[in-house]
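The structure appears right after this line, and notes come after that.
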Amino acid sequence: MATPPGQGALGIVRLSGAEALAIAQKIFRTNNGQSLRPWQLTPGRLVDWEKEEAFDEATAVYFQAPRSYTREDMVEIICHGSPVILEAVVRLGIKAGARMAHAGEFTLRAYLHGRVDLLQAEAVNDLIQATSLRQARLSFRQLGGQLSGRLGRLRQELIHLLSQVEATIEFPEEGIELDRTSLRAQISSIMADIEKLIRSYELGQALLQGIKIAIVGRANVGKSTLFNALLERERAIVSPYPGTTRDYLEEKIKINDSIFTLVDMAGLDQPAHPVEAEGIRRARALATQANGLLILLDVSQPLSESDQEIISLAEGKKAIFVLNKIDLPPRLEKERLRPWALGRPIIEISALNGVNLEGLKQAIAEVFAVNIDESQEEVIFHWREKAALEAIDESLRKALFHLESDSSEEIIAEELRQAAHLLGELTGEIKSEEIINAIFSQFCLGK
Ligand SMILES: Nc1nc2c(ncn2[C@@H]2O[C@H](COP(=O)(O)OP(=O)(O)O)[C@@H](O)[C@H]2O)c(=O)[nH]1
Ligand SMILES: [Mg+2]
């Protein structure tokens, strides 16, 4: 079943393998009584062939091997999306000799038959789970083979370098000298490419998981009120009593097609209660981990020592200064804050009355969103890819070290061979059962 469980207008059941057409045609009868023709959407009905009872109107498409998603014969039956009908199709299909697909098995077969590599398979899953259109665009390019192509070329380069080193090992009598200077330059250039990709992981995570923004400030400055106002719902408890928020809350919001994870937490001032102390300890840790901070200050109060301490959390971080409660008589002037803000934007709002929330949202998008040239850059989204690239980088670093310390050619060759092998595993050119299992177990059924 390729559509989610539960009721829908339509549901899709897919079959793949040598028997796909025969099995499909037991359950699905075309209206014109002829066999399914490849790549045509054909109207018909579903029947329980044992009783010769029709139970739904449907359409079907036959994708003839090898021009199908899995490169095997495939049939997709599109019927009405009642769970009862879909279950009947699956049950009859199994009776006719099919079996249930495992999670990700269609894409696994596409991979095993060489239609996609592992990076493209991962992109399929990322598209299914896409959280923003920006991420979808990048995953779509990865599906098209952009990242695979780039890594494939790096691997070819490595193999070429390796063959040069091996030639000097195998034919010493021919007097081929290893050109260590040129080899060093070429390895360094490959490393620069690899390291650029490793750095893109942060952006990949930001796109996939959202950019984490912590709302920090003293108790009662209106953090939870702002959190709710930005989410446009009453998620956090708001009260006039300091110390109301003790644990933390995380929710995603989307601004201009970027996803942000907002974190509301305890006020960062002196605790009045041991539970508060723990909340404050966690809040500090969260503030340090966040990609950016909203430093919330209450304009109806003068700048306090606690405020100044909180402001110091912004050191080395992206931050916006937010002056809340502008509906009240001010005791903290924007100009007074400027020296503290060090050029960061200062936005005045009333979280309670919803004043200038739009201005704050635009500032959030401008300050925190990660900008890249999406048409040029490749981005990695997965820990697996990052870890593999780091291991490759490490091998190349060792190769460089051995080149510089006049080690034997064998040792240099070994590191280059290892790097090429890891690159092959990364794209899936070299098959590793462990990696394959880890990737496809994350897929949903029917894809
Ligand atoms: N006048 C005014 N009161 C606000 C504003 N934002 C929050 N408050 C009030 O300040 C108090 C503390 O708010 P809360 O969001 O719980 O603060 P937190 O402790 O920082 O999470 C509540 O009584 C809110 O209604 C605002 O913009 N103007
Ligand atoms: Mg609160």
If I stretch the segment between A18 and S304 completely, what's the gain in nm (0.36 nm per residue apart, minus their alpha carbon distance), one decimal? 95.5 nm
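Out of region 216-315, which trypsin sites (Lys or Arg not before Pro) are coil in DSSP terms and have no more than 16 other C-beta atoms within 10 Å? Present the calculation step by step, with values, prior to reporting the outcome.
Working: sites: R218, K223, R233, R235, R246, K252, K254, R281, R282, R284; in loops: R218, R233, R235, R246.
Those satisfying the criteria are R233, R235.
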Run through all the Cα pairs of region 158-234 and give the fraction in each 5 Å bin from 0, expressed as whole percent. 3, 11, 11, 10, 9, 7, 7, 6, 6, 5, 5, 6, 5, 4, 3, 1, 0
Counting each DSSP H run of 4 or more residues in the chain as -39500 (n - 2.57), what helix-only mean residue ellipticity at 222 nm follows after dividing by all residues, to the nearest 500 deg cm²/dmol? -15000 deg cm²/dmol
Cut-off 10 Å between beta-carbons: net charge of the residues surrounding A18, Lys and Arg +1, Asp and Glu -1: -3
For region 88-243: relative contact order, % (alpha-carbon pairs under 8 angstrom, 6 or more apart): 14 percent
Distance in nm between label sites at R397 and H113, each 7 Å beyond Cα in the beta-carbon direction? 4.3 nm
Report, ordered by chain and residue number, the lysines lying within cross-link reach of K26, taken as a straight Cα distance under 22 Å and ignoring same-chain residues fewer than 8 apart. K51, K95
Kirkwood hydrodynamic radius, region 8-100, all distinct C-alpha pairs: what's the number in Å? 12.9 Å
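GluC sites (Glu not before Pro), restricted to region 27-112: which are DSSP loop and have at most 16 other Cβ atoms within 10 Å? Walk me through the intermediate numbers first.
On the way: sites: E50, E52, E53, E57, E72, E76, E87, E105; in loops: E50, E52, E72.
For GluC sites (Glu not before Pro) across region 27-112 that sit outside H, G, I, E and B with at most 16 neighbouring Cβ atoms in 10 Å, the list reads E50, E52.
Within 10 Å of each candidate Cβ there may be at most 10 other Cβ atoms; applying that plus a DSSP loop requirement, which trypsin sites (Lys or Arg not before Pro) in region 300-380 survive? It would help to have the intermediate numbers written out before the result.
Numbers: sites: K317, K318, K325, R331, K334, R336, K361; in loops: K317, K325, R331.
Listed in order of number, the matching sites amount to none.
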At what distance in angstrom do the alpha carbon centres of region 1-39 and region 319-344 lie from each other? 63 Å
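How charged is the neighbourhood of T42? Take every other residue with its Cβ under 14 Å from the Cβ of T42, and add Lys/Arg as +1 and Asp/Glu as -1.
Details: positive: R29, R37, R45; negative: E57, E76.
Result for the local shell: +1.
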Kirkwood-based Rg/Rh on the Cα set of region 296-447 evaluates to 1.25
Amide H contacts under 5 Å for I259, placed H, 5+ residues apart: I211
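Please rank D298, D179, fewest neighbouring Cβ atoms within 10 Å first, as an exposure proxy.
Working: D298 21, D179 12.
Exposure proxy ranking, most exposed first: D179, D298.
Output the direction-averaged projected area (hull surface divided by four) of the convex hull of the alpha-carbon atoms of the chain, in nm². Before the final figure, lay out the partial values.
Working: hull surface 122.1 nm².
The number I arrive at for the chain is 30.5 nm².
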Leaving out same-chain residues fewer than 8 places away, which lysines sit with a Cα under 22 Å from that of K431? K386, K447
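None of the figures in this text is laboratory data; all of them are computed from the coordinates on show. Computed from a predicted structure; not experimentally measured. A quick note on method: Cβ atoms are made from the backbone with ideal geometry, for glycine too, and the neighbour counts reach across all protein chains shown.
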